[in-house]
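Before any comments, here is the structure.
The values are calculated or read from the model by the stated rules, or taken from the named source; none is laboratory data. All of these numbers come straight from a predicted model, not from anything done at the bench. With ideal geometry, Cβ positions are generated from the backbone for all residues, glycine too; neighbour counts draw on all protein chains shown. Please note that ligands, DNA and RNA were not included when accessible areas were found on the heavy atoms of the full protein model with its side chains. Shrake-Rupley method; radii C 1.70, N 1.55, O 1.52, S 1.80 Å.
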Amino acid sequence: MTIFKKRAFWLAALLTFICSVLGSFLAKLPYLSLIGALVLSLLLGIAFQSFPQTINKASSGIGFISNKFLRLGIILLGFKLNLITLANAGIKTIILSIIVVSGMITLTYYLCKKFGAESELAILTACGCGICGAAAVMGVSPQIETTNEERKRENEVLAVAVVCVMGTVFTLIEIFLKPFIGLDASQFGIMAGGSLHEIAHAVATGGAGGAISLQNAIIMKLSRVLLLAPVALLVGLWYRKKMAANTLNTKTTNSKLPIPWFLGGFILTSIIGTFVPFIAPYLDSLVQIAYLFLGMAMAALGMAVNFKVIFKRGKSVFSAAAISSTVLLIFMIIAAKALF
């Protein structure tokens, strides 16, 4: 690494670190907690575009952080998943999560394509809505190979924007509907964890129903997060076959499977966090470090993206996500009443 690249990296690291720390602080404030630390870090990164000379000096480091720090953050995020807690939640919760994730991804992708969105943007939006918001978008994105990195960044930011806006809107809707839908605290938590996109959204809504509601919302939501790794692998396989079919390239079909190794690390850290006793006192700190790295990656993404193009392409995915999120909410109200 040349001295200029080193300077660019350390400048980018400083800028994104500031955004990530400030985003985490702002996310603890009323109302801003509905947006979440990752999206706030992204917005702060966008704000730094007001200083183009500084961004230009850090440009090569920004690309490194948005790529490598993202993977590191997702690996460390595995410490948040306690596999025993998820197993104790019961087979109903796991099966319902699989139905929600697979159904939401399929429906959102179909609607995005129906409204004219390109495949890459459609699948990122679908995974973000179906699994765990911004983290899912950024976790699945490396599985989509492309030579147009600028277009890829645009798709990532637009998909993140969709899950942020839809998740925030439906958080407010669900809290408003709480007195009218006839769910007890346990059922309301299941509905929140199963229907909302970001972990922050599920926590905010579940917390409105009390301690039991919050616990069920977190368990239900984390059971969806657990599906991030297999979904990313399936998306990689699907995209590889799609590209091979489009180009009639048999070499692409016969190449190695697109295994997302960093998501293997995500599963490994969840196993360590669950079964290695001496790790327990450090779990909260490790999860905070995970969000620090993810926030830095999101800030780097915000610093690099062209928003003039994004605003022109957003209508299709926002419309699709609004419809699919409405369908998901109705489904989860019915499922929570019937199964819990």
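List of remarks:
- When 34, 26 are checked against the criterion of being at pLDDT 90 or above, more than 30 Å from residue 268 (Cβ to Cβ) and surrounded by fewer than 24 Cβ atoms within 10 Å (Cβ to Cβ), 26 stands alone in meeting it.
- Cβ-Cβ under 6 Å pairs, at least 6 apart or on other chains, the range 132-157 side over 21 Å from residue 72 (Cβ atoms), far side charged (D, E, K, R): 146/152; 155/120
- Verdict on residue 76 being touching a Leu at 6+ places or on another chain (Cβ under 8 Å), free of Cβ contacts under 8 Å to residues at least 40 places away in the same chain and within 27 Å of residue 163 (Cα to Cα): no
- Qualifying residue in the range 243-260 (condition: closer than 24 Å to residue 76 by Cα, modelled with pLDDT of 75 or more and either open to solvent by 60 Å² or more (accessible area, probe 1.4 Å) or assigned to a helix (DSSP H, G or I) (or both)): no
- Candidates 131, 105, 123, 98: the one that is surrounded by fewer than 17 Cβ atoms within 10 Å (Cβ to Cβ), farther than 30 Å from residue 11 by Cα and β-branched (Val, Ile, Thr) is 98.
- Residues satisfying the stated conditions in the range 81-93, i.e. within 25 Å of residue 287 (Cα to Cα) and either modelled with pLDDT of 95 or more or in contact with a helix residue (DSSP H, G or I) (Cβ under 6 Å, 6 or more places away or on another chain) (or both): 81, 82, 83, 84, 86, 89, 93
- Condition met for residue 56 (under 22 Å from the mean Cα position of the chain (by Cα) and farther than 26 Å from residue 331 by Cβ): no
- Number of the condition not met by residue 57 [criteria: (1) in contact with a Lys or Arg (Cβ under 8 Å, 6 or more places away or on another chain); (2) open to solvent by less than 10 Å² (accessible area, probe 1.4 Å)]: (2)
- On inspection, residue 139 qualifies as open to solvent by less than 10 Å² (accessible area, probe 1.4 Å) and not aliphatic (A, V, I, L, M).
- For the range 142-155, the count of residues that are part of a helix (DSSP H, G or I) and hydrophobic (A, V, I, L, M, F, W, C) is zero.
Here is a yes/no grid of residues against (1) out of contact with any Cys (no Cβ under 6 Å at 6 or more places or on another chain); (2) outside any helix (DSSP H, G or I); (3) not polar (S, T, N, Q):
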position	(1), (2), (3)
10	yes, no, yes
24	yes, no, no
28	yes, yes, yes
33	yes, no, no
38	yes, no, yes
46	yes, no, yes
49	yes, no, no
60	yes, no, no
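- Looking at 214, 111, 177, just one residue is part of a helix (DSSP H, G or I) and out of contact with any helix residue (DSSP H, G or I) (no Cβ under 8 Å at 6 or more places or on another chain), and that residue is 177.
- Considering only residues in the range 284-314 that are out of contact with any Ser or Thr (no Cβ under 8 Å at 6 or more places or on another chain), in a helix (DSSP H, G or I) and modelled with pLDDT under 85, the one that is nearest to residue 193 (Cα to Cα) turns out to be 314.
- Residue satisfying all of: in the range 211-242; farther than 16 Å from residue 94 by Cβ and among the β-branched types (Val, Ile, Thr); most open to solvent (accessible area, probe 1.4 Å) among these: 212
- Tabulated pairs, the range 6-29, first over 15 Å from residue 57 (Cβ atoms), second open to solvent by 70 Å² or more (accessible area, probe 1.4 Å) and of a type in the set (A, V, I, L, M, F, W, C), C-beta under 8 angstrom, 6+ apart or interchain: 23/43
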